[in-house]
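Visitor: Below is the structure I would like to discuss, written out as structure tokens.
Here, each number is a calculation from the coordinates, and none is a lab measurement. Everything numeric here is computed off the predicted structure, so don't read it as measured data. Backbone-built Cβ (ideal geometry, glycine too); neighbour counts: all protein chains shown.
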Amino acid sequence: MVDPIFFAEKKGERFFLSEDELHHLSVYRIKTPSKILFTTGDGILFSGIVDMNGEISDFEKISATQENEFVNLYFGLCDKNRMKFIFEKCTEIGVRSFYPIITQKSEKYPLKQDRVFSILKSAVKQSRRFVIPKYHDPVNLFDIKFDKDVDSFFGSLEKKENKSIGFKSETVNIFVGPPSGFTKEEELFLIENGVKPFFFDVAVLRTETFAVSFLSILHYLRGIKS
């Protein structure tokens, strides 16, 4: 069995487990005091002794992971179950930042940052990545400032001539529309700002399915390049 990883809060030079994380100790039937693995989500894995109050002592650094995720995911607002899937699965695969976007067909669903952070934290622990992706507040698609030196792609509902997904930049942006897709005006706006369209021949994919599928392809291609 793989040892579970817990999230700790850092106060000065001391580490503590929250009440929720202390509850997870009991779920794993870990009695205190016990040696555990923990992280603060900044890419460093520690081990230490946790007591019944959640304070961690005798801690030491086990390993460090550089923040090497290279994909920023922009996705149209959709219902809570779809967004939960996007946050969870894309974090497990590997993503640098999440940018929910407001589009002409996006679904108006309020996002609670505490809930988003909880989902991201759980996915990071599951995938043993130790770095929590950045989450940004929703932004209107037409207010986004584009960097044309960054390779960017968007999911199109219509078959396009350009299907190349080769990339040279260190960072890649993915734009995924809401369940009803981008409007023609929005697609034209993206193309004018250097974002390349991509269409899956297999079928028309849902927002969350496209995000996970395209992200997986980018990671595969990056693995080949390296």
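Visitor: Taking other Cβ within 10 Å of each residue's Cβ, how do Thr39, Thr209, Thr103 sort, fewest first?
Guide: Lowest count first: Thr209, Thr103, Thr39.
Visitor: Between Val204 and Phe142, how high is the FRET efficiency from 1/(1 + (r/R0)^6) when r is the Cβ-Cβ distance and R₀ = 25 Å? Nearest 0.05.
Guide: FRET efficiency, Val204 to Phe142: 0.55.
Visitor: Moving on to the next point. Considering only DSSP states other than H, G, I, E and B, which trypsin sites (Lys or Arg not before Pro) in the stretch 1-58 qualify as loop sites with at most 14 other Cβ atoms within 10 Å? List each step's numbers first, then the result.
Guide: Numbers: sites: Lys10, Lys11, Arg14, Arg29, Lys31, Lys35; in loops: Arg29, Lys31.
Sparse-neighbourhood loop trypsin sites (Lys or Arg not before Pro): Arg29, Lys31.
Visitor: If you don't mind, another one. For semi-axes √(5λ) of the Cα gyration tensor in Å, the listed values are (1) 42, 20, 16; (2) 38, 18, 15; (3) 28, 18, 17; which was obtained by calculation from the structure presented?
Guide: Checking each listed value against the structure points to (2).
Visitor: Do any GluC sites (Glu not before Pro) in the stretch 163-205 lie in a DSSP loop with no more than 14 other beta carbon atoms within 10 Å, and if so, which? Don't skip to the end; give the middle numbers.
Guide: Numbers: sites: Glu170, Glu185, Glu186, Glu187, Glu192; in loops: Glu170.
In loop regions of the stretch 163-205 (DSSP not H, G, I, E or B), the sparsely surrounded GluC sites (Glu not before Pro) are Glu170.
Visitor: What is the antiparallel percent of DSSP beta bridges lying wholly in the chain, to the nearest 5?
Guide: Values: 19 of 43 bridges.
Bridges in the chain are about 45 percent antiparallel.
Visitor: For a quick check: sort His136, His219 by the number of other beta carbons within 10 angstrom, fewest at the front. Walk me through the numbers before you get to the answer.
Guide: On the way: His136 12, His219 15.
With the sparsest Cβ surroundings first, the list reads His136, His219.
Visitor: Restricting to Cα pairs below 8 Å that are 6+ residues apart, what does the relative contact order work out to for the chain? Please round to a whole percent. Spell out each step's value before the answer.
Guide: Values: 391 pairs, mean separation 42.9, N = 226.
For the chain, the relative contact order is 19 percent.
Visitor: Taking Cα centroids, how far is the stretch 44-102 from the stretch 112-183 in Å?
Guide: 15
Visitor: Ok, one more. Of all DSSP beta bridges located in the stretch 1-113, what percent are antiparallel, nearest 5? It would help to have the intermediate numbers written out before the result.
Guide: Working: 18 of 26 bridges.
Roughly 70 percent of the beta bridges in the stretch 1-113 run antiparallel, per DSSP.
Visitor: Grab the beta carbon distance between Ser26 and Ile49, set R0 = 22 Å, and tell me the FRET efficiency rounded to 0.05. Walk me through the numbers before you get to the answer.
Guide: Numbers: r = 17 Å, r/R0 = 0.77.
With R0 = 22 Å, the Cβ-Cβ based efficiency is 0.85.
Visitor: Now for a separate question. How far apart, in nm, are two points set 7 Å out from the Cα along the Cα-to-Cβ line at Ser169 and at Asn81?
Guide: 3.5
Visitor: Any aspartates and glutamates with Cα under 20 Å of the Lys35 Cα? List them, leaving off those in the same chain fewer than 8 positions away.
Guide: Partners found: Asp3, Glu9, Glu13, Glu19, Asp20, Glu21, Asp51, Glu55, Asp58, Glu60.
Visitor: OK, next. Three principal axis extents, largest first, for the C-alpha atoms of the stretch 5-64, in Å?
Guide: 27, 20, 19
Visitor: Under a crude label model (7 Å from the Cα following the beta-carbon direction), how far is Ile191 from Arg222 in nanometres?
Guide: Label at Ile191, label at Arg222, 2.8 nm between them.
Visitor: To continue, here is another question. Once phi is turned into ³J(HN,Hα) by the Karplus curve 6.51 cos²θ - 1.76 cosθ + 1.60 with θ = phi - 60°, what whole-Hz value does each residue of the stretch 32-47 show in order, with x for glycine and proline?
Guide: Taking θ as phi minus 60°, the curve returns 9, x, 8, 7, 10, 9, 8, 9, 9, x, 9, x, 10, 9, 10, 10 Hz for the stretch 32-47.
Visitor: Rounded to the nearest 5, what is the percent of antiparallel bridges among the DSSP beta bridges in the stretch 5-64?
Guide: Taking every DSSP beta bridge within the stretch 5-64, about 85 percent pair in antiparallel fashion.
Visitor: Moving to a separate point now. Taking the Cα centre of the stretch 46-191 as origin, work out the dipole magnitude from +1 charges on Lys and Arg Cβ and -1 charges on Asp and Glu Cβ, in debye rounded to 20. Before the final figure, lay out each step's value.
Guide: Numbers: 22 positive and 22 negative charges, 90 e Å.
The dipole of the stretch 46-191 has a size of about 440 debye.
Visitor: Got the relative contact order for the stretch 60-104 handy, in percent, Cα pairs under 8 Å and 6 or more residues apart?
Guide: Working: 37 pairs, mean separation 24.0, N = 45.
Relative contact order here is 53 percent.
Visitor: Which FRET efficiency value, to the nearest 0.05, is calculated for Glu13 and Ser63 with the Förster distance at 25 angstrom and r the Cβ-Cβ distance?
Guide: Numbers: r = 20 Å, r/R0 = 0.80.
Approximately 0.80, to the nearest 0.05.
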